[in-house]
Amino acid sequence: LFKNYLLNNGVDSNKIKVFGSVFFDKLFQNKISSHSDSGYVLLASDPSAFNRPIDLTIHQKELYRNTVEQICKTVSQNNKKLIIKTHPQKNQHEQEIAKKTDPTIRVFNSGDIHPLIQSSDLVITTDVTTVILEAMIMQKPVISVRMKKHYGKPEIFNYCNQIPLDSLDSWIKLFYTNSEIKNKLISKGNEFLKIYFKNRGNASNEILKFLET
């Protein structure tokens, strides 16, 4: 996708070499068999994904708190166990919100997110985050609850469902009663990985070969 972006903006194709993403190599290489029906739902939140002034307004902060609170209530009311993983250094009172809603909700402000993704039936994100890619790679169904409109519609949302907050309850009920929904989310995620990544799990070797020539 980024190669196409460069071509569309006039960059000579002879000056482009696509290697893939070194950052995700290890994740592609170390896939672990999925846990099934664990009853856990992971919320991976990032209230300041873009660090624009508009993201720091009182309105956006209140919207974020309300979104986290509603997700906590929705997951708990569906008798599922919620885990919240905040973005490092960007947490904003999630522990306080969770405890007020359901004291059994666990909140992690640091540490590796991958074991949390692995142990969950469903991954929920807010807006755009690399966690969407990580969940797709780990063959986990992932959705996004959108809070912001000012960044347009990234290509990934043609493959990752955006669920309105007021529809989340009915959607989760369907998700847990219709296995086809889970299968479709994982399948769409795999479609996106194919068009987004080159040399999946082997980007480091490809760069090394290039440097050795």
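The values are calculated or read from the model by the stated rules, or taken from the named source; none is laboratory data. These numbers come from a predicted model, not from an experiment. Please note: Cβ atoms are built from the backbone with ideal geometry, for glycine as well, and neighbour counts cover all protein chains shown. Please note that ligands, DNA and RNA were not included when accessible areas were found on the heavy atoms of the full protein model with its side chains. Shrake-Rupley method; radii C 1.70, N 1.55, O 1.52, S 1.80 Å.
It is to be established whether one or more residues within segment 144-162 are in a loop (DSSP other than H, G, I, E, B), touching a helix residue (DSSP H, G or I) at 6+ places or on another chain (Cβ under 6 Å), open to solvent by less than 50 Å² (accessible area, probe 1.4 Å) and at pLDDT 95 or above. Yes, there is a match, as at least one residue in segment 144-162 is in a loop (DSSP other than H, G, I, E, B), touching a helix residue (DSSP H, G or I) at 6+ places or on another chain (Cβ under 6 Å), open to solvent by less than 50 Å² (accessible area, probe 1.4 Å) and at pLDDT 95 or above. Within segment 72-124, restricting attention to residues that are charged (D, E, K, R) and in a loop (DSSP other than H, G, I, E, B), the residue that is surrounded by the fewest Cβ atoms within 10 Å (Cβ to Cβ) is Asp112. Going through (1) farther than 17 Å from Ile172 by Cα; (2) in contact with a Ser or Thr (Cβ under 9 Å, 6 or more places away or on another chain); (3) modelled with pLDDT of 95 or more one by one, Ser76 falls short only on (1). Among the residues of segment 163-178, those identified as open to solvent by 80 Å² or more (accessible area, probe 1.4 Å) and either of a type in the set (Asp, Glu) or free of Cβ contacts under 8 Å to residues at least 60 places away in the same chain (or both) are Asp166, Leu174, Thr177. Taken over segment 19-59, the criterion of being at negative phi, surrounded by 17 or more Cβ atoms within 10 Å (Cβ to Cβ) and at pLDDT 85 or above is satisfied by Ser21, Phe24, Asp25, Leu27, Phe28, Tyr40, Val41, Leu42, Leu43, Ala44, Ser45.
The C-beta contact set for segment 1-13 (first residue more than 13 Å from Ile195 (Cα to Cα), second residue of a type outside the set (Asp, Glu) and surrounded by 10 or more Cβ atoms within 10 Å (Cβ to Cβ), distance under 7 angstrom, 6+ apart or interchain) comprises Leu6/Ile16; Ser13/Leu7.
The residues in segment 125-143 that are on the phi < 0 side of the Ramachandran plot and open to solvent by 30 Å² or more (accessible area, probe 1.4 Å) can be counted, and the count is 2. Whenever a residue of segment 89-103 is closer than 19 Å to Val41 by Cβ, its partners that are at pLDDT 90 or above and of a type in the set (Gly, Ala, Ser), lying with C-beta atoms within less than 6 angstrom and at least six residues away or across chains, give the pairs Asp102/Ser76. Within segment 2-13, the set of residues being open to solvent by 100 Å² or more (accessible area, probe 1.4 Å) and either at pLDDT 95 or above or outside any helix (DSSP H, G or I) (or both) comprises Asn8, Asn9. So if I check each of Glu69, Glu62, which one is open to solvent by 30 Å² or more (accessible area, probe 1.4 Å), over 22 Å from Lys182 (Cβ atoms), assigned to a helix (DSSP H, G or I) and modelled with pLDDT of 95 or more? Result: Glu69 is the single residue among Glu69, Glu62 that is open to solvent by 30 Å² or more (accessible area, probe 1.4 Å), over 22 Å from Lys182 (Cβ atoms), assigned to a helix (DSSP H, G or I) and modelled with pLDDT of 95 or more.
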